[in-house]
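Down below is the structure, laid out as structure tokens.
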Ligand SMILES: [Zn+2]
């Protein structure tokens, strides 16, 4: 009885988040807002001081400080989908893919940029409200994470530690302000980063992730069969698969229609990243995940 009273009472104490129908936190507005926020600025100053003499370290998708798979022996897989945003990498929305995940109750982790949120605000809110999906951070402006302006696949990386701070932290703040939940994970644009950025993310309490299985779905005109075999050939317990949901013109949805039943038949279950311990794996490869 006491427990029942407690549960009824505590349910009234849960924070209720009202999500605004209009985006009050566009990239332009959020930066303006955060640059007047003392907490944001003092954390930024602390980062600047702490990393003043820290070298960039290695550059890549799997550098020290970046996780790429779930620590488990169970047959579980995390399907992760990026929405890169921007005129170059696409503000599209693969509604058929999302509909398919919903129909089959397949949980997924969605990495979104500030750019994509601004271009798809109503859709974003719709996804936020669906507990099937976990919303995570793909950066404010979709830039590879660098402390010295390195670039990858023609995409200019952040130019300094403070620039990298804005890319990660401003989008984390933006997502939290809109959704009421602070993202736990960050994946940089192209998944490339240097070690200093990864270290800073850890300092901010953010887990920097890349991927374990590259589907290759972001490369235009990749056939469905290639995406399917890329995943099936590399999948194993704890795999973290990278795909995209901002390219309806690509074959991601078509590939999933084949992949999901096959993986289920192999005994795999699908999970969101939250709640699972992650680890880094040593690999040496360079393939563009976007
Ligand atoms: Zn991306």
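So is residue 208 part of a helix (DSSP H, G or I), within 16 Å of the ligand (Cβ to nearest atom) and touching a residue at least 12 places away in the same chain (Cβ under 8 Å) or not? Before the answer, list the steps.
Details: part of a helix (DSSP H, G or I): no; within 16 Å of the ligand (Cβ to nearest atom): yes; touching a residue at least 12 places away in the same chain (Cβ under 8 Å): yes.
So residue 208 does not fit the description; no.
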Do we have any residue at all in the stretch 79-90 that's more than 15 Å from the ligand (Cβ to nearest atom) and either within 17 Å of the chain's Cα centre (by Cα) or modelled with pLDDT under 95 (or both)?
yes
Quick check: anything in the stretch 212-219 surrounded by 20 or more Cβ atoms within 10 Å (Cβ to Cβ) and within 30 Å of residue 19 (Cβ to Cβ)?
yes
Pick from the stretch 145-164, criterion closer than 18 Å to residue 82 by Cα and either part of a loop (DSSP other than H, G, I, E, B) or more than 16 Å from the ligand (Cβ to nearest atom) (or both), ranking: modelled with the highest pLDDT:
157
Residue count, the stretch 170-190, condition part of a loop (DSSP other than H, G, I, E, B) and within 14 Å of the ligand (Cβ to nearest atom), comes to 2
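Mind listing whichever residues of the stretch 53-78 are part of a strand (DSSP E or B) and either modelled with pLDDT under 95 or in contact with a strand residue (DSSP E or B) (Cβ under 7 Å, 6 or more places away or on another chain) (or both)? Don't jump to the end; show me each part of the working.
At the first step, the residues of the stretch 53-78 found to be part of a strand (DSSP E or B) are 59-60, 66-67, 69-70, 76-78.
Answer for the stretch 53-78, where residues must be part of a strand (DSSP E or B) and either modelled with pLDDT under 95 or in contact with a strand residue (DSSP E or B) (Cβ under 7 Å, 6 or more places away or on another chain) (or both): 59, 66, 67, 69, 70, 76, 77, 78.
On the basis of being within 14 Å of the ligand (Cβ to nearest atom), assigned to a helix (DSSP H, G or I) and under 30 Å from residue 42 (Cβ atoms), does residue 167 make the cut? Can you show your working first?
Working: within 14 Å of the ligand (Cβ to nearest atom): yes; assigned to a helix (DSSP H, G or I): yes; under 30 Å from residue 42 (Cβ atoms): yes.
Against the criterion (within 14 Å of the ligand (Cβ to nearest atom), assigned to a helix (DSSP H, G or I) and under 30 Å from residue 42 (Cβ atoms)), residue 167 qualifies.
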Please go through (1) away from the ligand (no atom under 14 Å from the Cβ); (2) in contact (Cβ under 8 Å) with a residue 12 or more places away in the chain; (3) in a helix (DSSP H, G or I) for residue 126 and return the number of the only condition it doesn't satisfy.
(2)
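The values are calculated or read from the model by the stated rules, or taken from the named source; none is laboratory data. What you see is a predicted model; the values in this text were computed from it and never measured. For neighbour counting, all protein chains shown are included, and Cβ atoms are generated from backbone atoms with ideal geometry for every residue, glycine included.
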